[in-house]
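K.L.:
First, the structure itself, so that you have it in front of you.
Coordinate-derived values only; no laboratory data. Model, not experiment: these values are computed from the prediction. All Cβ positions, even for glycine, are placed from backbone atoms using ideal geometry, and neighbour counts span all protein chains on display.
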Amino acid sequence: MKVLLVEDDLPLARGLSQALKRHGFAVDHVARGRDAVNSMGLNPPDLVVLDLGLPDMDGMAVLKKLRHQKAALPVLILTARDALNDKVVALDGGADDYLSKPFEIEELLARLRVLSRRLSTSLSSEIRLDSVTLDQASQKVTVDGEPVALSRREFMLLNALMQNAGRIQTREVLENKLYGWGEEIASNAIEAHISYLRKKLPRGFIQTIRGVGYTISIDQQG
Ligand code: CA
C-alpha cells in the first residue's frame with residue numbers, strides 16, 4: 001500500500017513517513033502541491049495524505065486535480081485545528097476523511113487502515129489462498145493456522161502478490177509497491193525477498209515467471 005504524503009512541514013513529514021513505513025506503508029513524500037499533482041502519472045499512490053496549507057498551491061486545488069486524474073483515489077486531509085470551515089469544504093470537495101493538527105499518529109494509522117480496507121475489494125481485511133492467510137489489518141500471516149514471522153518488506157511483497165493473485169507482478173511493479181522514491185534498491189532486492197519468503201511458505205506458492213516477474217495462482221490446491 002503506497003501513501004503519497006503532501007506536507008510542507010518537514011519535521012512532521014519526516015516523523016509521519018517513518019511511522020507509516022514502520023506500519024507497512026511505502027511512502028512518497030512531497031512538500032509542494034505541484035509535485036503531488038505531477039506524481040500521479042507514472043507511479044500513482046494508493047492513498048494520499050494531503051496538508052491543506054501548502055506553499056505553492058491551495059490544498060483544495062490540489063485535491064481537485066488529484067480527483068480529476070484518479071477519481072477513486074482515497075484522500076485524507078490534514079487541517080489546522082479548529083478550521084471547521086476547512087473540513088466542510090474539504091469533505092464537500094471530495095476528501096474521504098480529515099484530521100485536525102495536532103493529531104496522534106495512532107489516529108492517522110487507524111484512519112488510513114479504514115481507507116485502505118475500503119479500497120480492497122473484499123469487505124474483510126483477510127486474504128486466504130490455499131493454506132496461507134494474510135490479514136492486512138493486523139499484518140499477520142499464517143500457514144495452516146501457524147503464525148509465520150515476516151519482515152516488513154516480506155509482508156508488503158506477499159500482500160502485493162496475494163492481492164493480485166492470478167495476475168503476474170513484474171519486478172518493477174513490485175519495487176514500486178515496496179519502495180518510495182529515492183530509496184536505495186539493490187538490483188536483486190525483490191529476488192532476495194522472494195527467496196526468503198519462499199522458505200516460510202508452502203512449496204510452489206509463489207511462482208516465478210522467468211524474465212517477467214512473479215505470481216500466485218488463484219486455484220492452487222495442496
Ligand atoms: Ca502546511
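K.L.:
Show which lysines lie in cross-link reach of LYS140 when reach means a straight Cα distance below 17 angstrom and same-chain residues fewer than eight apart are skipped.
P.N.:
LYS21, LYS199, LYS200
K.L.:
Okay, which of region 30-49 sit inside 13 Å, backbone N to the point 7 Å along the Cα-Cβ direction of TRP181?
P.N.:
30-45
K.L.:
Can you give the alpha-carbon Rg of region 64-162 over 2.2 N^0.38 Å, where N counts its residues?
P.N.:
Taking N as the residue count of region 64-162, the ratio is 1.35.
K.L.:
Further question: Report the equivalent ellipsoid semi-axes for the chain in whole Å, largest first, defined as the square roots of five times the eigenvalues of the gyration tensor built from alpha carbon atoms.
P.N.:
Semi-axis lengths for the chain are 34, 18, 15 Å.
K.L.:
I've got another one for you. Between ASP58 and ALA19, how high is the FRET efficiency from 1/(1 + (r/R0)^6) when r is the Cβ-Cβ distance and R₀ = 30 Å? Nearest 0.05. Walk me through the intermediate numbers first.
P.N.:
Values: r = 27 Å, r/R0 = 0.89.
It comes out at approximately 0.65.
K.L.:
GluC sites (Glu not before Pro), restricted to region 84-183: which are DSSP loop and have at most 14 other Cβ atoms within 10 Å? Intermediate results must be reported in sequence, preceding the final value.
P.N.:
Values: sites: GLU104, GLU106, GLU107, GLU126, GLU154, GLU172, GLU175, GLU183; in loops: GLU104, GLU183.
Qualifying residues, ordered by number: GLU104, GLU183.
K.L.:
Let me ask you something else. Which residue, chosen from SER100, GLN18, ALA71, occupies the Cα position most advanced towards the positive end of the dipole of region 1-157, where the dipole is computed from +1 (Lys, Arg) and -1 (Asp, Glu) charges on Cβ about the Cα centre?
P.N.:
Final value for the positive-end residue is ALA71.
K.L.:
Hey, got the dipole for the chain? About the Cα centre, +1 on K and R Cβ, -1 on D and E Cβ, debye to the nearest 20?
P.N.:
Working: 29 positive and 29 negative charges, 119 e Å.
Roughly 560 debye for the chain.
K.L.:
What shape does region 61-112 take by its C-alpha gyration tensor, where a ≥ b ≥ c are the square roots of the eigenvalues and a/c under 1.5 counts as rounded, a/b above b/c as prolate, and the rest as oblate?
P.N.:
On the way: a/c = 2.65, a/b = 1.38, b/c = 1.92.
Oblate.
K.L.:
Normalized C-alpha radius of gyration of region 126-220, against 2.2 N^0.38 Å? Don't jump to the answer; show the numbers that get you there.
P.N.:
Working: Rg = 12.6 Å, N = 95, 2.2 N^0.38 = 12.4 Å.
Taking N as the residue count of region 126-220, the ratio is 1.01.
K.L.:
Now, a different point. If you take every DSSP beta bridge fully contained in region 4-120, what fraction is antiparallel? Give it as a percent rounded to 5.
P.N.:
Working: 1 of 15 bridges.
Once the DSSP bridges in region 4-120 are tallied, antiparallel ones form about 5 percent.
K.L.:
Which cross-chain or sequence-distant (5 or more) residues have an amide H under 5 Å from the amide H of ASP97, H modelled 1.01 Å from N in plane?
P.N.:
HN-HN under 5 Å from ASP97: VAL75, ILE77.
K.L.:
Please get the size of the charge dipole for region 2-121, origin at its Cα centre, with Cβ charges of +1 on Lys and Arg and -1 on Asp and Glu, quoted in debye to the nearest 20. Walk me through the intermediate numbers first.
P.N.:
Details: 17 positive and 17 negative charges, 90 e Å.
The calculation lands at about 440 debye.
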